[in-house]
Every structure is written in C-alpha cells, then in structure tokens.
There are 2 protein chains.
Amino acid sequence: MENFSWLNAFKEMGKRVSAEMKELFRGTGAGRALGKGASGDTTLVLDKRAEDAILTVLEELHAAGHTFTFISEELGIKEFGGSDVLILADPIDGSNNARFGLPFYSTSLVMATGGKLSDVALGYIINHGCGDEFWAIKGGGAYKNGIKIKSSDRVDLGMVNFESSVPKRDLVAAMPLLKVARKVRCLGTTALDLAFLASGSTDAVLVPSPSRSFDYAAGWLLVREAGGVVTDTDGNPLDDSTLGLERTRPLLGASNVTLLNKALKALRG
Amino acid sequence: MENFSWLNAFKEMGKRVSAEMKELFRGTGAGRALGKGASGDTTLVLDKRAEDAILTVLEELHAAGHTFTFISEELGIKEFGGSDVLILADPIDGSNNARFGLPFYSTSLVMATGGKLSDVALGYIINHGCGDEFWAIKGGGAYKNGIKIKSSDRVDLGMVNFESSVPKRDLVAAMPLLKVARKVRCLGTTALDLAFLASGSTDAVLVPSPSRSFDYAAGWLLVREAGGVVTDTDGNPLDDSTLGLERTRPLLGASNVTLLNKALKALRG
C-alpha cells in the first residue's frame, strides 16, 4: 500500500467492506447465522464477510512489514507480529439493520498506541447506507468526507438518539431523557449515533446497556475531537476503559457540556 | 415526456428532488424556516425546493396536455386544468432528518382516481439517503428498485418501527407495543417506515399521532400490495380516509394479519 497511513488503510478497509456488502445483498446469504462471535453476539454471514475484508488488508500490511495486534468482534484477538499498535474493528455495527435491509449500518475502526480508550489515536467510521466517511485524529480534529466537523452548540435537547438492545429494559431506562427531548431517533447503530453527534446532526446520545469498546472507541474520539463529550450514564469519563471484547459501560454523549449536564439531570429524575 | 406513465413521471420527480437536495446541502440554506406550509408544519427551504422540483415536472406534463389536481404539503391545492386525477405529494418526508443531516428522508407521491384512500392507483417513495425507489400499482404488486417485494411472513414482533412527533406523549402511547418487540427503531419518516414494512425489513409500524394522507397514502398502497396491512390503532381500515391536508388517523401497520392482531392486543394492554 503506497503512501501508508492508518487512515488510508482504514479507508481501504471501508471501501472493501462496502463492496462485500453490495455483493452479498445481491445474493441471499445475508442474515444466516454462522455461530457465536468472540464477543458472544450471533455471528452472521455479513459480519464474517466484513471481517474477512478487513483481514485481507491487514494481511497485506503485515506482509509489507507492519506489526500490530488486531482485536475484532468476530475472531477475538489475533497477533500480527506483535507491537504496541492495537487495531480494533467492529466489522458491522448495526448488523440487524444490514440483515433486515435497513440501509444504515457501519464499519468502525480504531488505531491505538496502548490498551486504554485514552490511547486511541485514530478513529474511522463508514456509513454503508450512503458511503459517508467520518474520522478523527487525536489532537487533529474530526472530519466527515474530508471536511472538518464540529458538534452542535445548541443548548436544548432538540434531537436525541438512543439505543435499545432490549426494549422493555432499555426504553424504560431511557424514558426520563427521551421525555424531555423535542425529537428522538433510535437507529440501531451506536457508531453512527456518535458520528451523527460529532457532525452536529444530533444533540445527545444515550446507550443504556453496557457497550463494548469497539462499538464506541472510534465514535468517542470523533465526538471528543468535534467538541462534544461522551461519558458513562453517571457522567464519569471513559478514558480509562480497557480496549477489548468485554461489555463495559453504558454511554451518554452530548454535543457540549451544558447539554451533558441537562441530560444527566434528566436521567437522575 | 416520452413514454408517459405516472410511474415514469414520479421517477423523474424523485430524481429531480434528489438532485436539488444534493445541491442544497453543498451550501448552507437547509434548515432555514420559510414560514408555515399549507398543512401547518414549518416550511423549510428544503421542503420548498423539493416541492418546486416536483411542480416543474407537473407543469411540463400540463403543458403537454395532461390535466389533474395537485395537493401538496407546502402549497395546498393547485388545479392543473381539473380532472378526476389527483396527484398528492409529500415533497420531503422526514424534513427534520434532512435538516439536521441524518441521511434517511424521502419523497412520497401518489396518483388517485378519486378522493378516498381506496382510490389510490399508484404510490411511489424514494429514499434520498441511498437512492432506493419503492412503488406499488393497485392490483399490480409492490416493487423496490424494480424487483417485486413481499412483506415478511414472520409471526413474531421482531423489528417494530415507531414514530414519535412529541416524545413525552407518543412514546408513552407506543410503549405497550414497544415493550413486546424484540427490536425497535424510530427513524422520523413515516413513508420510509411503510416502505421498509412492505419490503420485509420490519414486522410492524406504529404512528401514534394522527397522520396526514400524503404521509401514508403511498406507503399504505405499498404495504397492501406487498401482502401486509395498515389500519388505525384500533384496527379499523383506512380505505375511506379522505385524501387531503388534514391530519386524520394514527397508524398501525403489520406485515401480516397475525402480527396486526398481536400488535392490537399489545396496544390494548
């Protein structure tokens, strides 16, 4: 790969996953379960094919002399020569959307120089529904399709996105915040929720059930570099979260600190 | 327009609205309020530009000798020579999504031979987020990008879409159904909710607040022609609804009668 940078590598992976998905949905294979992934979710044909597309690029990079450790939703941990560079992938975030034909799901990729969320140096998210690419570079800003983005400076909870893995549990938990929002959306993809927050489309994001770091690590950096904030649902920073396969923290994101405090107050009732 | 059919005309309108939106979002005009539309919603620059794109095609058709009455969200009622042919448009369904940069919103178009929902002969919906086109011909089936679609034959409430104009009112009203669903989504566009139901992506749709016929008329025909069913939230058919600007009925859609009955039972508590 000429002009190597992890951003270029991630864009190449995003492009290949998009092509795989396009190809897959021409046939009938999507949605068929393949067994359990390393993180416990049911692995679908589409998740496996997306991960394989990413692995192909990583193998090319390794063959060209790059060393790193790869952590992914489906295969778990795989060493490529070993180094301090950690690559995390959620091959398809929003698998249920992809599987049922709802055209908004994404691939989320992260490069970190250590094992904590605060070590994330690069985050990349591609929306396979429309091809939009989002990325953030630690200390270097956040971008959508190459244009610098900033989170909203609105100070009312106009548009709030939430996730609900188990509606009868998560909707009840989210209700105190949703009731004070002017508009709510539930899209089924945490990575895109955070990308939309970073790009100023929404004002807050709530994921009441514990999330895994590869679900939110790229989005966390995006929001942060765009001027917003992501904490757990008690307002605690996530910086010391371990990058790995475990479900760790529920998430609350806001486009600015004023809105984070409004959202925390609403959740406390 | 060569090879005239209303379907071809609707596809041309969809294409032109998509082009307008692409152009608009290059600049900064989107989201600026233009005043109130005929139906009472705040008219945004984007709604006005979408309607104007549709009007351009209608004016070309009228100049070529076609006569019809046009009813649209923004301008209200406009006569083009007068005839029994009624054309209804929701230029942008999901204006808030478009306005805030959430890439799923649509244009919904209908041709009817009389003033009731049961007179709808053709329904067309385009998803401007990804370009997918859905249409249905009364007695002639439902299609997505030219391929015949069928609503799901699943008999559990796996994926339920709901709308929530006013969260503190509509979420509470929807909760009894949402609690028994395995997955829920809230997308902010009734037309696409119905298109996704028709194409087998989802199992049920709930819109607790009264909807206007141009929000649901195209989707209603799509769902019906795909094998599903749309009623009000008491299970009453909508066939005798008047095509016009008024908010009339809350909506409950399901991919089959078994699921409609399950959803009605859940809503009754």
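Within region B:251-261, being surrounded by fewer than 19 Cβ atoms within 10 Å (Cβ to Cβ) and either of a type outside the set (Val, Ile, Thr) or without any contact (Cβ under 8 Å) to a residue 24 or more places away in the chain (or both) holds for B:256, B:261. Annotation: residue A:205 fulfils all but one of (1) surrounded by fewer than 22 Cβ atoms within 10 Å (Cβ to Cβ); (2) under 21 Å from residue A:106 (Cβ atoms); the unmet one is (1). Within region B:131-143, the only residue that satisfies the criterion of being at the interface with chain A (Cβ under 10 Å from one of its Cβ atoms) and within 24 Å of residue B:211 (Cα to Cα) is B:132. The condition of being more than 10 Å from every other protein chain (Cβ to nearest Cβ), under 26 Å from residue B:149 (Cβ atoms) and not charged (D, E, K, R) holds for only one of B:160, B:207, B:184, that being B:207. Residue under question is residue B:87, and the condition is that it be β-branched (Val, Ile, Thr), closer than 14 Å to residue B:50 by Cα and either away from every other protein chain (no Cβ under 14 Å) or touching a Cys at 6+ places or on another chain (Cβ under 9 Å) (or both); does it hold? In short, no. Helices (runs of 4 or more DSSP H) fully within region B:134-241 that include at least 3 residues being over 28 Å from residue A:168 (Cβ atoms): B:213-225.
What are the residues in region B:158-202 that are small (Gly, Ala, Ser), surrounded by fewer than 23 Cβ atoms within 10 Å (Cβ to Cβ) and under 24 Å from residue A:190 (Cβ atoms), if any? Steps first, answer last, please.
At the first step, the residues of region B:158-202 found to be small (Gly, Ala, Ser) are B:158, B:164-165, B:173-174, B:181, B:188, B:191, B:195, B:198-201.
Going one step further and asking which of them are surrounded by fewer than 23 Cβ atoms within 10 Å (Cβ to Cβ), we end up with B:158, B:165, B:173, B:200.
Residue satisfying the conditions is B:158 alone.
Kindly check whether there is at least one residue in region B:227-246 that is crowded, with 19+ Cβ neighbours inside 10 Å and among the acidic types (Asp, Glu). Within region B:227-246, none of the residues are crowded, with 19+ Cβ neighbours inside 10 Å and among the acidic types (Asp, Glu). Annotation note: of A:193, A:215, A:232, the sole residue that is of a type outside the set (Gly, Ala, Ser) and modelled with pLDDT under 95 is A:215.
Is it the case that region A:109-121 has a residue that's more than 14 Å from chain B (Cβ to nearest Cβ), assigned to a strand (DSSP E or B), surrounded by fewer than 18 Cβ atoms within 10 Å (Cβ to Cβ) and touching an Asp or Glu at 6+ places or on another chain (Cβ under 6 Å)? The answer is yes; a qualifying residue exists. Taking the condition of being facing chain B (nearest Cβ under 7 Å) and more than 11 Å from residue A:192 (Cα to Cα), how many residues in region A:90-106 meet it? The qualifying residues number 5. Scan region B:187-204 for residues that are among the small types (Gly, Ala, Ser) and either more than 10 Å from chain A (Cβ to nearest Cβ) or free of Cβ contacts under 8 Å to residues at least 24 places away in the same chain (or both) and report the count. Residues that pass the stated criteria total 4.
The values are calculated or read from the model by the stated rules, or taken from the named source; none is laboratory data. Just so you know, these numbers come straight off a predicted model, no measurement behind them. Positions of Cβ are backbone-derived with ideal geometry, glycine not excepted, and every protein chain shown enters the neighbour counts.
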